[in-house]
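Structure, as structure tokens:
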Amino acid sequence: MKNSVKKLLAVTAGTASLFILSAADTGVSAKSAVIDAAELEGTATGIAEYSFTEELTDLLEITLTAKEIEIDNGAEFNVLDYIEEITDAVENAVILNITGEVDTSENDSYTVTYDVTDLNGNTDTETLSVTVRYSEEQLREIAEREAAEKAAAEEAARKAEEEARQAQLDSQASYGNVSLSSLGVYDSGSAYAMIEAINAVRASYGLYAYSYASSAGFDAAAIRAQECTYYLSHTRPNGSAYNTALDECGVSYGYDSEIIAAYGSSIEANLNWWLSDAGHRNIVLGTSGSTIAAGYAGGVWVAEVY
């Protein structure tokens, strides 16, 4: 810009010393300059006024510490922290106006604008781009929380489904009156026939069929049936839990349960006994397991569900 200045001069013969007395008054830096007295239109000595025009550049500038930043969700943010320097060649008072809001609770991109103006009307502008995002630690915490919430919701849904199913079962007139012939199952006395009968009953209640276990699962069920002929308990004769038989046979499982009935070889009689008892019925008609193995020995039936 061009800045016109008129100030008093202290003039001596042949030369004039120009004293600009105040930067605030003149709009330029306080300084002195020596000029030719001839330019003063014949003034020799004394006090005179002298006007001149001076080219002034880069009078006002604002500098930020960065153009773009990223901050964590929830972090503190102060717009003034990112001003590195405001320089004004004339050392005037500067007006700073900052526009744009940053919500650190909401992941998004924001723009903050810094406008500066001095008393001579000079201006400068800078912008700061701010991205609010989750930190790696916050992302891990969110993932863990969502996984826990999902697991809790799934468990609640499973329990609600189980309760609804149980309510449906409880509304039935009676249990333990299953006829294999009405289910289309032939009582061959085999473990596979027992599972076929169980799945037929499940189907009558709209439940999925249990999958047949591998040979290892049937081996474990046979071991447990044999043990129960002389030690009728879910605890094994050696004092260990029933599911250690699954472990010994190399069966992998998460959920597991066992039901025992000792009403002879009849599939129908033993299945009806399981159905007549709430605890055993909840396993026969349960939804926690997906696989079943059965075993028979000496008048005892055992089923392993996992």
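The values are calculated or read from the model by the stated rules, or taken from the named source; none is laboratory data. As the structure is a prediction and not an experimental result, all values here were calculated from the model. Here the Cβ positions follow ideal geometry from the backbone for every residue, glycine too, while neighbour counts run over all protein chains shown. Calculation scope for accessible area: heavy atoms of the full protein, side chains included, ligands and nucleic acids excluded. Shrake-Rupley method; radii C 1.70, N 1.55, O 1.52, S 1.80 Å.
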Quiz item: What distance in nm separates the simple spin-label points at Thr123 and Asp72, each placed 7 Å from Cα in the Cβ direction?
Solution: 3.9 nm
Quiz item: Round to a whole number: what % of the accessible area of region 184-258 belongs to carbon and sulfur, probe 1.4 Å?
Solution: 52 percent
Quiz item: Applying 1/(1 + (r/R0)^6) with R0 = 25 Å to the Cβ-Cβ distance of Ser182 and Tyr255, what FRET efficiency is obtained, to the nearest 0.05?
Solution: 0.25
Quiz prompt | Extension gain (nm, one decimal) between Glu106 and Ala269, 0.36 nm per residue minus Cα-Cα | solution = 52.2 nm
Practice problem: Take the alpha-carbon centre of region 279-305, take the same for region 60-129, and report the distance between them in whole Å. | Solution: 72 Å
Quiz prompt | For region 204-306: accessible area per residue (Å², 1.4 Å) | solution = 41 Å²
